[in-house]
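Notes follow the structure.
The values are calculated or read from the model by the stated rules, or taken from the named source; none is laboratory data. In this text the structure is predicted, and so the values were computed from the model without any measurement. Note that we place each Cβ from the backbone using ideal geometry, even for glycine, and neighbour counts take in every protein chain shown. The accessibility values were calculated without ligands, DNA or RNA, using every heavy atom of the protein model including side chains. Shrake-Rupley method; radii C 1.70, N 1.55, O 1.52, S 1.80 Å.
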Amino acid sequence: MKKQQGSEFFSAIVAAPFGAMGIRSEAGRVCELVYLPPHFAEKDAADPVSALAAEQIARYCGDPDFRFALPLAPAGSAFQQRVWDAIAAIPRGEVRTYGQVAKHIGSAARAVGQACGANWYPLVVPCHRVTAAGGLGGFSNHDDANGFHLGVKRWLLRHEAAAGYR
């Protein structure tokens, strides 16, 4: 396997239809999931929790109804956790706008967008299900000059058969 620069930061890297997912784990918990471009080579899991995360990511990529059950390390502020809880409650195949999530939790759309971008556990906390009022919106706090992250968001929404993205 060709060693990819940056791969040493991950406990595992799993191929995905949109590129790859980097998995970081520590002390028996997943610490972070990262969308990676397709040039990242797969990396075998360094520990059982990374192997579990890799298996579950592969299952989700094959079945949009798959539900993750991973030990996640605590992350984020109390506000971010409120946003992530609201996002996790959005059913597969549905989307909400940043404004709708903000209204639901009593906040502002921009703050919701920032919390979405700070999500340590994409796929598990499906921030891709949150869009701008007038379109796709941003994704993962990236300026996305090459379009990779927005391409991931489009793929995920199509995979989940979200209205308007089929």
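Considering Cα pairs under 8 angstrom that are at least six residues apart, work out the relative contact order of the chain and quote it in whole percent. Let's see the in-between values first.
Numbers: 265 pairs, mean separation 30.5, N = 166.
With pairs under 8 Å counted, the relative contact order is 18 percent.
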Nitroxide proxy distance, nm - points 7 Å out along Cα→Cβ at Gln100 and Arg158: 2.2 nm
For the chain, give the percent of accessible area contributed by carbon and sulfur heavy atoms, probe 1.4 Å, rounded to a whole number. 52 percent
Expressed in nm to one decimal, what extension gain is obtained for the pair Ser77 and Ala89 from 0.36 nm per residue of sequence separation less their Cα-Cα distance? 2.5 nm
The chain - accessible surface per residue (Å², probe 1.4 Å): 51 Å²
Starting from the Cα of Ala69, step 7 Å along the direction of its Cβ; do the same at His39; then give the gap between the two resulting points in nm. 3.9 nm
Which option, [x] 153; [y] 136; [z] 110, is the value of volume of the Cα convex hull per residue in Å³ that was calculated from these coordinates? [z]
